[in-house]
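Below is one structure; the comments refer to it alone.
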Amino acid sequence: MIVNVTPRAKLAFPEAPCALALPWFEDGPSGDSPLLDEADALAIERLREKGLLRGKLEETYFLPSAGSTYDGVLFLGLGKRDACTTETVRRAAGRGCAALSAHRIEMVAFDAASLPEHAHGFVEGVLLGQYRFDQYNERKQDEPPAPQVDTIAIALESGAHAAMRHCEQARLACESANWARDLANTPPNDMTPSRLAGAVLEMAEDAGCEGEVFHRDQLEELEMGAFLGVARGSVEPPTLSVLQYKHAPAAQTVALVGKGVTFDTGGISLKPGQDMHEMKFDMCGAAAVAGAFRALAALRPAINVVCVIPACENAPGGHAQRPGDVVRAYNGKTIEVHNTDAEGRLLLADALAYTIRQHHPDRVVDLATLTGACVVALGHYAAGLMTGDDALAQSLDAAGAITGERVWRLPLWDEYGKLIEGVHADLCNIGPPKEAGAILGGCFLKHFVGDTPWAHLDIAGTAWGGKNIPYLDAKHASGYGVRLLTEWVLRTSEETV
Ligand code: BES
Ligand code: MN
Ligand code: ZN
């Protein structure tokens, strides 16, 4: 995708099928743009009289042009001026994607002069909204490829420096989110732990960064008993990928750790068959941290980033771990495995302890599709945020508000922690059923981070399945976390230099 930010007076439309997108407020500056072809003025007046262009929220209208400057005008209803946020623009642009595609538009210019601070929302809405995953669909492969927007022009009055930076970040973060979505949507017979490691390593090397993959024998040497216990039940070998973006003079390091269970059957504590296929998305945490790494490696912030991805399959093979097994994690703590389906915390226990001991990060954030309980608590519209560090909570919350990838904090009080104390070992991997499941996941992970400022994001709800978000579709992975983490690391790098 090419994204240009240009002064409105200098905007030129190409020969290729193109459209002009105009913001329309109910009560403020509305679609009267100097970029409009005079030939469309009459048609627009008619539409207005008919009440089809009122600027109401969620209203979009595509008007094929009567002139020869461009092929059509896409009107984006944004509602009340004062209530408009970047997310409003993002959603409107996402909603407009269907019309852009139906009219085979390849270039779209957005007149953002009335909302320069939200201009990048248009870039995001289009990039995320026109995402498709159809390489496995033979029927669709036969059809000529549906044309997509490949160029976005953001037209502004002047003084576009901030907007240019925001649009460039938006492009990189959304392309990386779509890259992460591809990983997550790839079926689990193809997206194995080895393939996942190969994909993230290739990405890091292409970005000019260092990457390393540890295999089973190395994980055994490192004594990652919790992670290895989960991996036992599958013929697919586990991998631990470590990617590093090094900014030479930077003193600070952030670590991003992501759960990479490429398929979660539950193991011996087998899951019910209904919706089990969705457990191919159990590596969305891994995809998200790798996606953020991809964007950050291109944006080159003044901070070091280490990205750690434990990946395996949770399967009930003959060698699988049993309920009742006791495993020893990398940091020496012992864990009684009462439910082999609470596997994410076992991988992350070792990955977090390893990351902290080997890389001494100043802050750690982990992302994981950790608990069904988090989906019960928050549905699909916010990730569960768990941390003992108020500053970290605040900065993640701010990044969530900016990107529309929202977080909602849950407590980690000591009373909860007591519920996962072990009888036959230091810890048990589950607590009492139907009690604060998401929080108990967070409490468990806390045992593996020591004093390092750390936050856990349970993305079980947000990684897929959200309805009524116009730039996403519920059936595919959302890429949740890529934009959030990119924004958060950039802000963190600016605050710590
Ligand atoms: N990957 C699942 C969590 C999950 C479930 C994510 C549904 C998204 C949708 C995780 O490994 C799991 O199975 N968690 C258990 C934990 C329980 C046994 C304490 C769960 O949520 O049931
Ligand atoms: Mn599970
Ligand atoms: Zn899982």
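Taken together, the values in this text are just the output of simple stated rules run on the coordinates, not laboratory data. All figures in this text were calculated on a predicted structure; none of them were measured in a lab. Heads up, the Cβs are rebuilt from the backbone with ideal geometry, glycines too, and the neighbour counts pull from every protein chain shown.
Taking amide H positions as modeled 1.01 Å from N, with prolines and chain starts lacking one, no residue 5 or more places away or on another chain lies under 5 Å from His447.
Dividing the helix sum by the residues of the chain, where each DSSP H run of 4 or more adds -39500 (n - 2.57), gives a mean residue ellipticity at 222 nm of -11000 deg cm²/dmol.
In loop segments of the range 235-304 as defined by DSSP, the trypsin sites (Lys or Arg not before Pro) with at most 13 further C-beta atoms inside 10 Å of their C-beta are Lys246.
Legend: residue pairs Lys446/Lys467; Lys333/Lys418; Lys10/Lys56; Lys280/Lys418; Lys140/Lys467, Cα-Cα distance threshold 22 Å; pairs beyond threshold, Lys446/Lys467; Lys10/Lys56; Lys280/Lys418; Lys140/Lys467. Between Asp389 and Lys434, the simple spin-label model (points 7 angstrom out along Cα→Cβ) gives 3.7 nm. Toward the positive end of the charge dipole of the range 161-293, with +1 on the Cβ of Lys and Arg and -1 on the Cβ of Asp and Glu, the farthest Cα among Gly285, Phe227, Ala197 is that of Gly285.
How far apart, in nm, are two points set 7 Å out from the Cα along the Cα-to-Cβ line at Leu419 and at Lys467? For the pair Leu419/Lys467, the computed spacing is 2.9 nm. Helix 119-129 and the longest principal axis of the Cα set of the chain meet at an angle near 70°. A cut-off of 5 Å between modelled amide H atoms, ignoring neighbours fewer than 5 places along the same chain, links His103 with no other residue. In the range 258-344, one over the average inverse separation of all distinct C-alpha pairs is 14.8 Å, which is the Kirkwood hydrodynamic radius.
If eta is 0.890 mPa s and T is 25 °C, what Stokes-Einstein diffusion coefficient results for the range 149-261, Kirkwood Rh from Cα pairs, in µm²/s? Before the final figure, lay out the partial values.
Numbers: Rh = 17.2 Å.
Once the numbers are plugged in, D ends up at 143 µm²/s.
For the range 78-159, the set of chymotrypsin sites (Phe, Trp or Tyr not before Pro) satisfying both a DSSP loop assignment and a count of at most 16 other C-beta atoms within 10 Å is given as Phe133, Tyr136. Which log10 I(q)/I(0) values does the range 340-497 give at q = 0.10, 0.20 Å⁻¹ under the Debye formula, counting every alpha carbon as one identical point scatterer? Log-scaled intensity ratios, in q order: -0.35, -1.34. For the chain, the longest principal axis of the Cα atoms and the long axis of helix 284-299 meet at an angle of about 60 degrees.
Largest first, the extents of the alpha carbon coordinates of the range 33-112 on the three principal axes equal 34, 30, 22 Å. By the count of other C-beta atoms within 10 Å, a proxy for reagent exposure, Met191, Met224, Met283 are ordered fewest to most as Met191, Met224, Met283.
Annotation note: GluC sites (Glu not before Pro) in the range 6-54 located in DSSP loop regions with a Cβ neighbour count of at most 15 within 10 Å are Glu15. The range 180-214 and the range 12-51 have Cα centres lying 44 Å from one another.
Calculated FRET efficiency, Ile2 and Tyr381, Cβ-Cβ r, R0 30 Å, to nearest 0.05?
0.40
For the range 238-313, DSSP calls about 45 percent of its internal beta bridges antiparallel. Simple point charges give the picture: +1 on the Cβ of Lys and Arg, -1 on the Cβ of Asp and Glu, and for the range 93-156 a dipole about the Cα centre of about 140 debye. Based only on Cα atoms, what Rg/Rh ratio does the range 2-159 have, Rh being taken as Kirkwood's radius? When Rh is taken as the Kirkwood radius, the ratio is 0.97. Taking the C-alpha atoms only, the angle from helix 390-403 to the longest principal axis of the chain is near 40 degrees.
Each peptide among 381-390, 315-324 gets the average number of other Cβ atoms lying within 10 Å of its residues, and from highest to lowest they stand as 381-390, 315-324.
Using +1 on the beta carbon of Lys and Arg, -1 on that of Asp and Glu, and nothing else charged, what's the dipole of the chain about the Cα centre, debye to 20? Don't skip to the end; give the middle numbers.
Values: 43 positive and 65 negative charges, 100 e Å.
About 480 debye.
The residues Ser158, Ser30, Ser101, Ser176, when put in order of fewest to most other Cβ atoms within 10 Å, stand as Ser158, Ser101, Ser30, Ser176. Ratio of Rg to Rh for the chain: 1.02 [Cα atoms; Kirkwood radius as inverse mean 1/r over pairs].
Take 165-171, 335-341 and order them by the average number of nearby Cβ atoms within 10 Å per residue, most first; the result is 335-341, 165-171.
Which of rounded, prolate, oblate describes the range 203-253, given a ≥ b ≥ c as roots of the alpha-carbon gyration tensor eigenvalues and a/c under 1.5 marking rounded, otherwise prolate only if a/b is larger than b/c? Judged from the Cα gyration tensor, the range 203-253 comes out prolate (a/c at least 1.5, a/b above b/c).
For the range 463-471, putting each phi into the Karplus relation 6.51 cos²θ - 1.76 cosθ + 1.60 with θ = phi - 60° gives couplings of 5, 6, x, x, 9, 6, 10, x, 8 Hz, in residue order, rounded to whole numbers and with x for Gly and Pro. Across the range 214-225, computed HN-Hα scalar couplings (Karplus, 6.51 cos²θ - 1.76 cosθ + 1.60, θ = phi - 60°) run 9, 9, 3, 5, 5, 5, 5, 4, 6, 6, 8, x Hz from first to last residue, x flagging Gly and Pro.
Using C-alpha pairs under 8 Å with a sequence gap of at least 6, the mean separation divided by the residue count of the chain gives a relative contact order of 15 percent.
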